1. What accessible area per residue, rounded to a whole number of Å², is obtained for the chain using a probe radius of 1.4 Å?
2. Find the Cα radius of gyration of region 1-121, compare it with 2.2 N^0.38 Å by division, and give the number to two decimals.
3. Report the one residue of 254, 265, 284 whose Cα lies farthest in the direction of the positive end of the charge dipole of region 246-285 (charges on C-beta: Lys and Arg +1, Asp and Glu -1; origin at the Cα centre).
4. Can you divide the C-alpha Rg of region 225-282 by 2.2 N^0.38 Å and report the result to two decimal places?
5. Over the chain, with every protein chain in place, what whole percent of the accessible area is carbon and sulfur at 1.4 Å, could you tell me?
6. Tell me whether the chain comes out rounded, prolate or oblate; compute the Cα gyration tensor, take square roots of the eigenvalues as a ≥ b ≥ c, and use a/c under 1.5 as the rounded threshold.
7. Return the sequence-ordered ³J(HN,Hα) values of region 4-16 in whole Hz as given by the Karplus equation 6.51 cos²θ - 1.76 cosθ + 1.60 applied to θ = phi - 60°, using x for Gly and Pro.
8. Give me a comma-separated list of calculated 3J(HN,Hα) values for region 168-178, in order, Karplus coefficients 6.51, -1.76, 1.60 applied at θ = phi - 60°, integers in Hz, x for any Gly or Pro.
Amino acid sequence: MGDFVLIHEMSPRDGLQNEKALIPTADKIRLVDLLSACGFPRIEVTSFVRADWVPQLADAAEVMAGISRRPGTEYTALAPNLRGFEAARQARADRVAIFAAASESFSRKNINCSIEESIERFRPVMEAARAAGIPVRGYVSCVTDCPYEGRVEPAAVARVAETLLGLGCHEVSLGDTLGRATPDRIGAMLDCVLERVPADRLAGHFHDTGGRALDNIAVALGKGLRVFDAAAGGLGGCPYAPGAAGNVATGPVVRFLEEAGYRTGIDLVALAEAEAFVRRLREVA
Ligand code: HMG
Ligand code: MG
């Protein structure tokens with residue numbers, strides 16, 4: 001039996017946040033329930049952010065309240081600050097995620113503050129999460145490229161990743177937000193980050209604009225990472241990263257991993273049903 005690779009399913013959150021037409025709450029709940037049937041260990045359901053910044057996810061609390069929770073699946077939510085954390089806790093998120101960036105300009109455009117200010121905002125979130133016994137995941141966006149600044153230095157990524165871990169995040173997900181990274185650049189970035197953060201505390205979050213996400217996953221696997229983010233149907237994008245395509249599609253990731261001898265525990269038949277639902281959502285959106 002090969003190593004287990006954990007897939008953190010993104011489609012309800014990172015996937016839907018960029019869809020322009022508002023998707024009915026009931027459809028979001030249906031999507032999460034279809035994903036639960038696939039056996040994902042984690043599903044990122046929504047974000048507790050400003051509704052005027054991400055209107056698509058304004059129904060975060062309703063979605064969380066409406067889903068059927070499958071034992072064995074953790075339902076996670078994004079929380080940029082204490083207010084978001086409190087809302088996520090009240091909605092019974094099993095895990096929350098804070099999100100920082102390796103580029104100053106992206107940090108300002110995405111969360112309206114500098115990298116340093118974002119870290120200060122995260123401190124009370126970490127304290128409240130510790131008190132509530134809720135694990136916190138950290139994201140670093142723009143690990144190779146920033147839509148506003150161009151190339152990002154690996155050392156900047158390593159610095160932010162180490163800081164998030166130092167704050168108490170159990171895991172840091174490294175985001176190729178623009179989806180333009182190539183395997184050599186992902187490899188160089190990881191070599192630098194791995195000097196400060198061990199592989200078993202890192203996840204790969206690759207968007208697939210340039211079509212290299214599976215190759216980037218292969219490089220990250222070679223360096224010891226065993227957690228990857230993906231979205232059913234390749235849904236996704238970030239409203240503050242113009243031109244970025246969706247997350248790497250979950251089906252191809254699962255097939256790629258299983259052909260390479262890894263285990264994921266994902267039911268591909270159930271996943272095909274979820275993917276068909278995603279296609280229908282897109283047709284009507
Ligand atoms: P801000 O305006 O700087 O916040 O926004 P503030 O603290 O100054 O508060 C201003 C007002 O916002 C106040 O309202 C707050 O209550 C309200 P008022 O008192 O004036 O009526 N407010 C909130 N409302 C709802 N929920 C909250 C919240 N916080 C404050 N949590 C903030 C800062 C971070 C909130 C804003 O910039 C924001 O919502 N940004 C969200 C951006 C976002 O969701 N981006 C997409 C997700 S990140 C991503 O996709 C990348 C990732 O996938 C990895 C990758 O691919 O790289 C993770
Ligand atoms: Mg993303």
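The values are calculated or read from the model by the stated rules, or taken from the named source; none is laboratory data. Quick caveat, the model's predicted, so the values are computed rather than measured. So basically every Cβ, Gly included, is an ideal-geometry build from the backbone, and we count neighbours across all protein chains shown. With ligands, DNA and RNA removed, areas are computed over all heavy atoms of the protein, side chains included. Shrake-Rupley method; radii C 1.70, N 1.55, O 1.52, S 1.80 Å.
1. Counting only protein heavy atoms, the per-residue value for the chain is 39 Å².
2. 1.09
3. Selected residue: 284.
4. Normalised Rg, Cα atoms only: 1.23.
5. Roughly 50 percent of what the probe reaches on the chain is carbon or sulfur.
6. Working: a/c = 1.33, a/b = 1.08, b/c = 1.23.
Note, shape of the chain comes out rounded.
7. Karplus-based 3J(HN,Hα) across region 4-16 equals 7, 10, 8, 9, 9, 7, 10, 4, x, 9, 5, x, 8 Hz.
8. x, 5, 7, 7, 10, 9, 9, x, 8, 4, 7
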